[in-house]
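Structure record follows, encoded as structure tokens.
The values are calculated or read from the model by the stated rules, or taken from the named source; none is laboratory data. No experiment lies behind these values; they were computed from the predicted model shown. Cβ placement follows ideal geometry from the backbone for every residue including glycine, while neighbour counts extend to all protein chains displayed. In case anyone asks, the SASA skips ligands and DNA or RNA and just uses the protein heavy atoms, side chains included. Shrake-Rupley method; radii C 1.70, N 1.55, O 1.52, S 1.80 Å.
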Amino acid sequence: MESTNPTKKSQLRLWASASGNCPCPWGASPPLAGGGYWLACLSKPDKAQYGGGIIKNPELNQGLKGWSAFGNAKIEQRVSGGNKFIVAHTRTHPHDSISQKLFLEKDKLYTLSAWLQVSNGNVDVTAVFKTNTGFKIAGAVTAKTNCWSMLKTGFTVNASGSAELYFESENASVDIWVDSISLQPFTIEQWKSHQVESIEKTRKRKVRIHAVDEQGNPMSNATVSFEKKKLSFPFGTAINKNILTNTDYQNWFTSKPFTVTVFENEMKWYANEPSPGEEKYDDADALLQFAQQLGIDVRGHTVLWEDPQMIQGWVSSLSSSDLAEAVDKRIKSVMSKYKGQVIAWDVVNENMHHSFFEDKLGSSASARFYKSAEAIDGTTPLFLNEYNTIEDSRDGLSKPDKYLQKLEEIQGFQGNDNLKMGIGLQGHFSYAPDLSYIRASLDTLASKGLSIWITELDVKNSVGDDQTQAEYLEKILRELHAHPSVDGIMLWTAWAPGGCYRMCLTDNNFNNLATGDVVDKLMQEWGSKAMEGTADANGVFEASLFHGDYQVKINHPKVASSNLAQSFAVSSSSKDTPEQPTLVVQVSA
């Protein structure tokens, strides 16, 4: 008998069943963590990725075939332990090296990898392409002696034509050893396909809705609708104290499905203690209360900032002993006050480009800061926040392997063995984004196995073209969201009457700019938009849903629609497990 009893509550049952496998699109064989990057320095290099791609003689098994000397270097094949490789020696200039001539295409995205070693010490070695329009720096790695280091990077070129790959080092006294070189081109369509595959695997899960009446009979052709209550992937924007007194700003912010925020300046030392002993947390307190009332998580930014231009005068003038005392007081003050109320701490900001505290307090100062931070709030992830690690391959100060080296220094300090650390990447883009470099850099960083957050994302409008700025933003956001190791994205778009830091989402009337339209579109695409479908003859409807909290509603003539509404959560059982079981939801009248 059909039931239309509006008082009978719907029932929900969840269980797992097998689902299909989604292939990993990041070009890695299983032993390679982080999408195909070896963090360790190995006694023998791995095989060339993609079989070498378009590189001729990638593993040097055919002598010097395909390879030539570049500059004044002399080159030769050598063999060690059965492994064949090429050596550039008798170098007198940084660019003296080995090289191979290739043809590069403008509309391709390239992934480059190589294994490098040097004859003495630890030396930065850079992969460079000499093209018809100039020199393209693809990426760099710190090569060592007696073991092989992997360079993994990516790049694009602005014009098709002949090019010559070579490896350079400012230290011309060392020999450069190279092996297992790979250069793999991808079309734009292939790249986008990889993004879709990765999103299906890491951000979504298959859900099967089974609607039955109280006798267990299927409700054929039932209308099934999903409403997402909350995004699981942390995505948000910075705010500042202007929002506390501006109703329009508040309304704009609360109309978005942001799940996380950060304060632009209000939790920085210069704002909290402009004069010695004069602590001011009123603005930070008010912003925290505002976010908490909305159920929005907050990142703690930042405990210490190494840039001397951002350090208040009274701190800059302190003696070393007084500075050490002031820093210790600062860490205890801000972290004790907000312990348990933030989801992350940017403990040290821009340490790889600036060194105010380390210059004053010694090279291990930052490691000691993390030790102090852990003692106060060891359960909250402690981030090292830096720029140009994913934005610009030309910045050697914060290239991915340098960032990892800094993390190892901090974690290797006595007492820091169990630090709960995270990787914070600012993402201040000034030029057209190089998606292949972003992906390769994230692969490299992911080898550490730590949480990766994009902490301050914006795109500079370098050419005064709002649409181009928005297009760049969309490309970056899609690449970051698709990468399986990125655990959250924070936009650096706090509004102020005089304009935002570098990128706004709205004008001063809180109408969307082109960048705001991109953010709205992607948030809808990533699951905030309601969706609807029709069950089959067996009362079954399947969908691939982004991780998050949902309400499902069933509409069918057999039963009142208000009777069939139920909340459920879609989550990943493991980010590292390729096969995610289908989540089955049975709703019974």
### Message
Just to be sure I understand the model, the point goes 7 Å from the Cα along the line to the Cβ. What's the resulting S572 to T379 distance in nm?
### Response
2.5 nm
### Query
Using 1/(1 + (r/R0)^6) with R0 = 60 angstrom and r between the beta carbons of N61 and E214, what's the FRET efficiency to the nearest 0.05?
0.30
### Task
For segment 33-74 and segment 112-187, write down the distance between their C-alpha centroids in whole Å.
10 Å
### Task
Answer with one residue from A432, M267, S544: the one whose Cα lies farthest towards the positive end of the charge dipole of the chain, charges on Cβ with Lys, Arg +1 and Asp, Glu -1.
S544
### Message
From zero outward in steps of 20 Å, how is the percent of C-alpha pairs of the chain spread across the bins?
### Response
18, 46, 30, 6, 0
### Message
Give the separation of the Cα centroids, segment 244-278 to segment 338-406, in Å.
### Response
22 Å
### Message
Given the options S97, Q309, S193, identify the residue whose Cα lies farthest towards the positive end of the charge dipole of the chain (+1 on Cβ of Lys, Arg; -1 on Cβ of Asp, Glu).
### Response
S193
## Note on the structure
With +1 at each Lys and Arg Cβ and -1 at each Asp and Glu Cβ, the charge dipole magnitude of the chain around its Cα centre, to the nearest 20 debye, comes out at 1520 debye
### Coordinate range along principal axes, alpha carbons of segment 428-484, Å, largest first
39, 20, 16
#### Entry: Heavy atoms of I296: accessible area, 1.4 Å probe, square angstrom to 10
20 Å²
### N246/D285 FRET efficiency (R0 22 Å; Cβ-Cβ; nearest 0.05)
0.75
### Task
Arrange the residues T133, T506, T187 by how much accessible surface each exposes, largest first, with a 1.4 angstrom probe.
T133, T187, T506
### Message
Counting only helical runs of four or more DSSP H residues, what would the 222 nm mean residue ellipticity of the chain come to if each run contributes -39,500 (n - 2.57) and the total is spread over all its residues?
### Response
-7000 deg cm²/dmol
### Query
Taking the Cα atoms only, what angle lies between the long axis of helix 320-338 and the longest principal axis of the chain, rounded to 10 degrees?
20 degrees
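If you take the beta carbon distance between E189 and S162 as r and set R0 to 25 Å, what does 1/(1 + (r/R0)^6) give as a FRET efficiency, to the nearest 0.05? Could you put the intermediate results ahead of the total?
Details: r = 25 Å, r/R0 = 0.99.
Using R0 = 25 Å, I get an efficiency of 0.50.
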### Message
For the pairs K204/K448; K65/K106; K152/K399; K475/K521; K268/K337, flag any whose C-alpha to C-alpha distance is greater than 20 Å.
### Response
K204/K448; K65/K106
